[in-house]
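Encoded as structure tokens, the structure appears first; notes follow it.
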Amino acid sequence: MTVVLQSRDDFTLANYRRVARGGEGVEIGPRAIQAMADARSSFMALLDSDRGAFIYGTTSGSGEQAMQAIAPDEQRRRAADWARRGHHGTSFGGGYLPESAVRGIVFARLTNYIEGNAKARPLVAERIAEMLERPLAKVPLAGQVGPGEIVPLAHVMSTLVVEDLEEGEPMAVVNGSPCSAALAAETAIEARARLELAEQVFALSIEAFKAPLEPYDLALKALWRDPYEGKALDALAVLLADAPRVGRRAFQAPVSYRILPRVLGQAHRAVATLEEVAEIALASVTDNPVYVLPDAEHPHGRAFSTGGYHNASAYPAIDGVSATWADLSGLAERHTMKLHDESVSLLPHHLSATGTGWGGTAFLTFVQTGFGEEARHEAARTFLPPSESGGFKGQNDVASPTFFAYAKQSRVAWSFDACLASLAVASSQALSVTDRKPPAALQGLLEAVREQVPPVDGVSVRELGLEMSALTDAFGRVASKGVSSLSEE
């Protein structure tokens, strides 16, 4: 399958998923090729009308050389020299972006081109699209917090094969904010899957604890009037649809159980916000200088400098998801603790299969505390960093922190997965020692959890830590594949 790009309307989260995660290629459609050819012609007419007018990176140098004019007869040679030199990255460390994210950056790179705003020939866009048909560069995760996104794009675009570039084309290769768009999209896809898995695990905990079902009653939707909290209530209602109404606690559950739909509601809000940010970013023109297409007042269009290359919404939205994972990690910790406290849960001491306190899963409460604390530590808000970059003082005085927010969210997400895995195993153990079955909608989750971590019987010698690590990794793969259950993983 191939995604055909005709306009910016084709840069959607759904198409991102197809290209970045599904491995599909892209084809520049005929309407887009014509639009780019027309825009290139009008830009060249604008440039030829006054080759002394300031157009960043075309009639002037770039970076600290922005104030230096390039003579008209040197402008094409400078552009061609840029292409021959290539553009190679200098960042390093921290591991590498997943291949899907690099593919996503290449996909998002084409947004500036597709309607002509990159002022480039169709040839350049087609060569960028062809990058998806061969191995891409590895992009380091660390060292990317700099002004704009030229530093990571230097890595991404290092495999671009193109004939000599012409006037106005070099800046469009490495300027803009396609990295922020791709990282927002990557996080949004995984966050939606991770949230759906979290709802299943928390629903399993509700049943394991025999918590009263009134805090999850759909009648609360009309009382709360929050659409995202309503989504959480809807999800829990489906998962607990055939949970027994008798034999449950006759009094209210702890706060961590009763506030669950409201906290999950805020998770829905954070994920929806990130999805919206990703959709907008993928379709946004973010070049510098940007080429505004001709209109009646400007028959050759306009080319001028902007700050479009700085995505100011991606990193706060990613932070929002990090924060909600940290909050839910806290609830998962509380649930695991309460399940093991017989004075609260009314379940066997330490969920022990032997009735002695040994052979249970109480030690999970020790390690889970650490995972929750790690999640809270890494979820600290990302701020806009001042930046004076080496020899580029005067130009580059603020950095873009999207890579930093993305890396932190990845670490928070792993800690959250570990907290969810701990709660899932504790819930499985509680159901096992009381010889109960979960609601039908949760049976698949329980079976998948027990494949990795069978109930503890108090007799078998087990490397529970290794089993828990494998389950946590499985939870992470559920999110990274954008699916919502272990059975699909």
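Brief remarks on what is shown
- Residue satisfying condition, being at negative phi, surrounded by 22 or more Cβ atoms within 10 Å (Cβ to Cβ), in contact with a helix residue (DSSP H, G or I) (Cβ under 8 Å, 6 or more places away or on another chain) and in the same structural domain as D48 (by TED's automatic domain parsing), within set V151, V161, V124: V124
- For first residues located in the stretch 239-267 and within 17 Å of L218 (Cα to Cα), partners that are exposed (fewer than 13 other Cβ atoms within 10 Å of the Cβ) and lie 6+ apart or on another chain with Cβ distances below 7 Å form the pairs D242/A440; R258/Q252.
Conditions (1) over 35 Å from the mean Cα position of the chain (by Cα); (2) within 19 Å of A181 (Cβ to Cβ), marked per residue:
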site	(1), (2)
S7	no, yes
E27	no, no
Q34	no, no
A80	yes, no
H88	no, no
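- The stretch 161-208, residues that are farther than 27 Å from A405 by Cα and either modelled with pLDDT under 95 or among the basic types (K, R) (or both): V161, V162, E163, D164, L165, E166, E167, G168, E169, P170
- Flag if E207 is assigned by TED's automatic domain parsing to the domain that holds S322, under 26 Å from V449 (Cβ atoms), in a helix (DSSP H, G or I) and in contact with a Ser or Thr (Cβ under 7 Å, 6 or more places away or on another chain): no
- Residue in the stretch 422-436 that is in contact (Cβ under 8 Å) with a residue 12 or more places away in the chain, within 32 Å of the chain's Cα centre (by Cα), in a helix (DSSP H, G or I) and surrounded by fewer than 17 Cβ atoms within 10 Å (Cβ to Cβ) present: no
- Test result for A243, part of a loop (DSSP other than H, G, I, E, B) and touching an Asp or Glu at 6+ places or on another chain (Cβ under 8 Å): yes
- Single residue of the stretch 458-489 satisfying the filter (hydroxyl-bearing (S, T, Y) and at pLDDT 70 or above) that is farthest from A20 (Cα to Cα): S460
- Residues in the stretch 239-272 that are surrounded by fewer than 18 Cβ atoms within 10 Å (Cβ to Cβ) and of a type in the set (S, T, Y): none.
- Number of the exception - L218 against (1) assigned to a helix (DSSP H, G or I); (2) farther than 28 Å from H310 by Cα: (1)
The values are calculated or read from the model by the stated rules, or taken from the named source; none is laboratory data. Computed from a predicted model, the values in this text were never measured in an experiment. Note: ideal-geometry Cβ built from the backbone for every residue, glycine included; neighbour counts use all protein chains shown.
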